[in-house]
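Here the structure is laid out as structure tokens; the discussion comes afterwards.
The values are calculated or read from the model by the stated rules, or taken from the named source; none is laboratory data. Since we're looking at a predicted model, the values are computed, not measured. Every residue, glycine among them, receives a Cβ derived from its backbone with ideal geometry; neighbour counts consider all protein chains shown. Side chains are part of the model used for accessible areas, which takes the heavy atoms of the whole protein and leaves out ligands, DNA and RNA. Shrake-Rupley method; radii C 1.70, N 1.55, O 1.52, S 1.80 Å.
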Amino acid sequence: MLVNGKWTEDWQPVQATDKQGGFVRQRSSFRHWVTPDGTAGVTGDAGFAAEANRYHLYVAYICPWASRTLIARKLKRLEHVISVSVVEPFLLEQGWHFGTYPGSTVDDVNQVEWLHQLYSQADPHFTGRATVPVLWDKKLHTIVNNESADIVRMFNSGFGELASSEFDLYPTALQQEIDALNSYIYPKLNNGVYRAGFATTQVSYQQAYDDVFEALEWLEQQFNDGRRFLLGEQITEADIRLFVTLIRFDVAYHGLFKCNYRQLLSYPQLLNYTKRVLALPGVRDTVNLDHIRRGYYSIKTLNPMGIVPMGPDMSCYGFKDFENE
């Protein structure tokens with residue numbers, strides 16, 4: 001991690017633990033917002049106006065939080081407005097690395113080798129972990145925001161006419177319901193799989209495990225009425241947040257994170273739902289199963305020998321085998 005802008009120790013997956021040995025996630029540090037006219041958003045400072053080719057997104061295909069932002073960028077058709085760099089899938093001693101692994105890129109914007117160097121460049125006194133996603137301002141040479149939930153919402157409404165209006169991911173009429181779904185799905189499922197995978201005691205693992213499968217059972221029942229998405233016929237940010245966990249479930253969370261009561265294949269409604277989201281314009285481009293599999297299994301704390309499994313079979317989703325992805 002970084003201490004006062006200097007790299008001090010090797011990357012570790014567990015950021016902090018609670019009194020029961022449960023996994024505690026680091027809070028995001030940069031919370032400025034891009035707005036159509038550059039006024040301040042709900043947090044942070046003003047001065048980040050929506051402009052084409054001003055902002056750059058740093059992501060990892062392995063990371064569900066970063067993938068949220070990639071999907072929002074696709075659905076809002078912001079590819080021509082916001083450029084992207086992709087780190088390599090492996091979690092190395094200094095964290096995320098830019099390089100030449102297939103599907104990854106070098107950093108053509110700041111010419112750094114490690115993601116943590118961006119954090120030191122934005123704040124020479126930064127202390128904490130260097131995480132993805134990162135929304136970078138090429139004009140002011142700083143990090144705008146590194147909180148995926150914020151970035152999804154600013155992609156939805158912060159870029160004004162530069163973005164497509166085909167999808168409204170946070171419509172006014174549904175905001176209360178979206179917020180309620182997010183508040184349920186995040187702790188039990190999105191973060192629940194991490195709480196299970198990185199638990200340091202049996203009791204904290206059991207609590208997380210129970211939460212994960214309680215949430216999956218509840219979500220499966222929601223689709224028994226024939227709805228296409230969580231809140232009806234319209235996709236929202238709640239669907240994006242759910243999808244990025246579901247598409248990784250059988251590949252990583254079921255095995256490596258010990259969430260092995262059932263696979264997603266055991267939930268026919270959720271399986272069909274995942275395929276519906278995957279079929280939306282551009283979403284398939286945001287999913288790289290090879291990066292997901294190799295990235296998670298590169299976590300030495302959970303897989304010290306570094307052996308990467310050959311499966312699972314993801315052909316039911318329309319994916320080829322991993323080696324041909």
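Determine which member of the set L140, L118, L57 is among the aliphatic types (A, V, I, L, M) and open to solvent by 10 Å² or more (accessible area, probe 1.4 Å).
Answer to the selection: L140.
Being among the polar types (S, T, N, Q), in contact (Cβ under 8 Å) with a residue 12 or more places away in the chain, open to solvent by less than 60 Å² (accessible area, probe 1.4 Å) and closer than 23 Å to R153 by Cβ, is that true of even one residue in segment 261-272?
No, every residue in segment 261-272 fails to be among the polar types (S, T, N, Q), in contact (Cβ under 8 Å) with a residue 12 or more places away in the chain, open to solvent by less than 60 Å² (accessible area, probe 1.4 Å) and closer than 23 Å to R153 by Cβ.
Of everything in segment 191-204 that's of a type in the set (S, T, Y) and open to solvent by less than 40 Å² (accessible area, probe 1.4 Å), which residue is nearest to W65 (Cα to Cα)?
Per the criteria, the residue is Y194.
List the number of the failed condition for P124; all other conditions in (1) open to solvent by less than 30 Å² (accessible area, probe 1.4 Å); (2) in a loop (DSSP other than H, G, I, E, B); (3) not hydroxyl-bearing (S, T, Y) hold.
(1)
For T69, which of the numbered conditions (1) assigned to a helix (DSSP H, G or I); (2) under 20 Å from G295 (Cβ atoms); (3) open to solvent by 30 Å² or more (accessible area, probe 1.4 Å) fails to hold?
Among (1) assigned to a helix (DSSP H, G or I); (2) under 20 Å from G295 (Cβ atoms); (3) open to solvent by 30 Å² or more (accessible area, probe 1.4 Å), the lone unmet condition for T69 is (3).
With the condition kept exactly as written, say whether any residue in segment 83-104 is acidic (D, E) and within 23 Å of M1 (Cα to Cα). Outline the logic, then answer.
We begin by selecting, within segment 83-104, every residue acidic (D, E); these are 88, 93.
Subsequent filtering for residues that are within 23 Å of M1 (Cα to Cα) retains 88, 93.
Scanning segment 83-104, I find at least one residue that is acidic (D, E) and within 23 Å of M1 (Cα to Cα), so the answer is yes.
Please enumerate the residues belonging to segment 191-244 that are of a type in the set (D, E, K, R) and over 16 Å from the mean Cα position of the chain (by Cα).
D210, D211, E214, E217, E220, D225, R227, R228, E233
What helices (runs of 4 or more DSSP H) lie completely within segment 130-204 and have 1 or more residues being among the charged types (D, E, K, R) and under 26 Å from Q263 (Cα atoms)? Before you say what the answer is, go through the steps one by one.
Details: elements: 148-157, 175-185, 192-197.
The helices (runs of 4 or more DSSP H) meeting that bar are 192-197.
Can you tell me how many residues within segment 280-311 are closer than 18 Å to I247 by Cβ, open to solvent by 40 Å² or more (accessible area, probe 1.4 Å) and of a type in the set (S, T, Y)?
Residues meeting the conditions: 0.
A quick yes/no check of all residues on (1) at pLDDT below 95; (2) open to solvent by 30 Å² or more (accessible area, probe 1.4 Å); (3) under 17 Å from L135 (Cα atoms):
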{"site": "Q15", "(1), (2), (3)": "yes, yes, no"}
{"site": "F23", "(1), (2), (3)": "yes, no, no"}
{"site": "S29", "(1), (2), (3)": "yes, yes, yes"}
{"site": "H32", "(1), (2), (3)": "no, yes, yes"}
{"site": "P36", "(1), (2), (3)": "no, yes, yes"}
{"site": "G41", "(1), (2), (3)": "no, no, yes"}
{"site": "A46", "(1), (2), (3)": "no, yes, yes"}
{"site": "A49", "(1), (2), (3)": "no, no, yes"}
{"site": "N53", "(1), (2), (3)": "no, yes, yes"}
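What are the pairs with Cβ atoms under 8 angstrom where one residue, in segment 276-295, is closer than 12 Å to Y317 by Cα and the other, located anywhere, is charged (D, E, K, R) and open to solvent by 20 Å² or more (accessible area, probe 1.4 Å)? Sequence gap at least six, or different chains.
Partner pairs satisfying both residue conditions: R276/R228; L278/R284; L289/E325.
What number of residues within segment 152-190 satisfy the criterion of being surrounded by fewer than 18 Cβ atoms within 10 Å (Cβ to Cβ), touching a Leu at 6+ places or on another chain (Cβ under 8 Å) and among the hydrophobic types (A, V, I, L, M, F, W, C)?
1
Just to verify a result, which residue in segment 205-254, among those that are touching a residue at least 24 places away in the same chain (Cβ under 8 Å) and of a type in the set (K, R), is surrounded by the fewest Cβ atoms within 10 Å (Cβ to Cβ)?
Looking at the filtered set, the residue picked out is R228.
Give the number of residues within segment 87-97 that are more than 24 Å from L189 (Cβ to Cβ), modelled with pLDDT of 95 or more and open to solvent by less than 10 Å² (accessible area, probe 1.4 Å).
1
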